[in-house]
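Notes follow the structure.
The values are calculated or read from the model by the stated rules, or taken from the named source; none is laboratory data. The structure presented is a predicted model; accordingly, all values stated were derived computationally and were not measured. Ideal geometry is used to build each Cβ from the backbone, glycine not excepted, and the neighbour counts take in all protein chains shown.
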Amino acid sequence: MYIMANSVEESANLLKQTLDDLINWFIDKAGSVLVAVLFIVIGMKIVSMVMKLVKKSFDKSKLEVSVAGFLLSVIRVLGYILVFITAATIVGVEVTSFVTILGTASMAIGLALQGALSNLAGGVLILILKPFSVGDYIVENNNNMEGTVVAIDIFYTRLLTYDNKLVVIPNGILTNNSLVNVTNEVNRKMEVKIAIAYDSDIKKVKDLVYELLGADKRILTSEPKDVFIDSFAESGMILGIRAWVKTEEYWNTLWDLRENLKELFDANDIEIPYNRLDINVLNEKDI
């Protein structure tokens, strides 16, 4: 019982000593604390004014909403940290150890969230540098993921495939690997290769194909059209055809051109060769 009473008394004395030290500290630092509080109030007002100026600057530059919001948040947090650290210095708090702890904690958090931070940095780079925009059709070369971009977020980019599947790609992958922006340009060159027999009249074939290309109003007359022998295969010559169209009309024009070539060749007795196997059946009397 005596030991317990002694322990309670020691705890009470310790608490009283702590409160006395705290009161004495406030009395000694009353002026500094008042100045620090006043500095915090003024500092937060200044941060708010800076935020408004930066926001107007972002609005004039037509920066993406997602990037602007992210950058504003970062600037606000950094501003508040600077204000409170300066206020702590005014009071007389040792800031060096606090900064060291903050740096260590930031490093630990950064290592734990390495993937998320990579995606975050990737999202900011995509929204600022604009390698693609919403509505573009892209192909990510590393994993062969492709589709039309429907959303660009800070951490992920969302694609819609041609068969209406949603693909969500981390931005870190898109910024760390090569990709193809299929619809970045207004015009796109289409290319078709088709085999013709070796005994075909090459000049006649080329004239017919050029006439076919000229009849399609979707094929651009301002860009070159090429019809040529691309290579020689075992069963025939490979005819190469190149022409330019508007990017949004690429697929429909390409599909129609393939059908029209087949009909054109059939109508003019131009053979499209293919590998065939001839089988001769012998009667017993022929053996």
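In table form, for the structure just shown:
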read-out	value
Criterion: small (Gly, Ala, Ser) and at pLDDT below 95 - qualifying residue of GLY214, GLY240	GLY214
Residue in region 148-160 that is among the aliphatic types (A, V, I, L, M), part of a strand (DSSP E or B) and under 30 Å from SER222 (Cβ atoms) present	yes
Where a residue in region 53-71 is in a helix (DSSP H, G or I) and its partner, wherever it lies, is surrounded by 15 or more Cβ atoms within 10 Å (Cβ to Cβ) and at pLDDT below 75, with Cβ under 6 Å and at least six apart	PHE58/ALA68
Flag if GLY147 is out of contact with any Cys (no Cβ under 6 Å at 6 or more places or on another chain), small (Gly, Ala, Ser) and not assigned by TED's automatic domain parsing to the domain that holds LYS246	yes
Selection from region 232-254 of residues that are more than 16 Å from LYS189 (Cβ to Cβ) and without any contact (Cβ under 8 Å) to a residue 12 or more places away in the chain	PHE232
Filter pass, LEU174 being at pLDDT 90 or above, part of a helix (DSSP H, G or I) and within 12 Å of the chain's Cα centre (by Cα)	yes
Pick from region 55-69, criterion surrounded by 11 or more Cβ atoms within 10 Å (Cβ to Cβ) and small (Gly, Ala, Ser), ranking: modelled with the lowest pLDDT	SER66
Test: ILE138 is surrounded by fewer than 13 Cβ atoms within 10 Å (Cβ to Cβ) and either of a type in the set (Gly, Ala, Ser) or outside any loop (DSSP other than H, G, I, E, B) (or both)	no
Residue in region 144-166 that is within 25 Å of THR253 (Cβ to Cβ), surrounded by 14 or more Cβ atoms within 10 Å (Cβ to Cβ) and either touching a residue at least 60 places away in the same chain (Cβ under 8 Å) or in contact with a helix residue (DSSP H, G or I) (Cβ under 9 Å, 6 or more places away or on another chain) (or both) present	no
Candidate set from region 211-240 (those that are closer than 17 Å to LYS262 by Cβ and assigned to a helix (DSSP H, G or I)); member that is nearest to the chain's Cα centre (by Cα)	LEU213
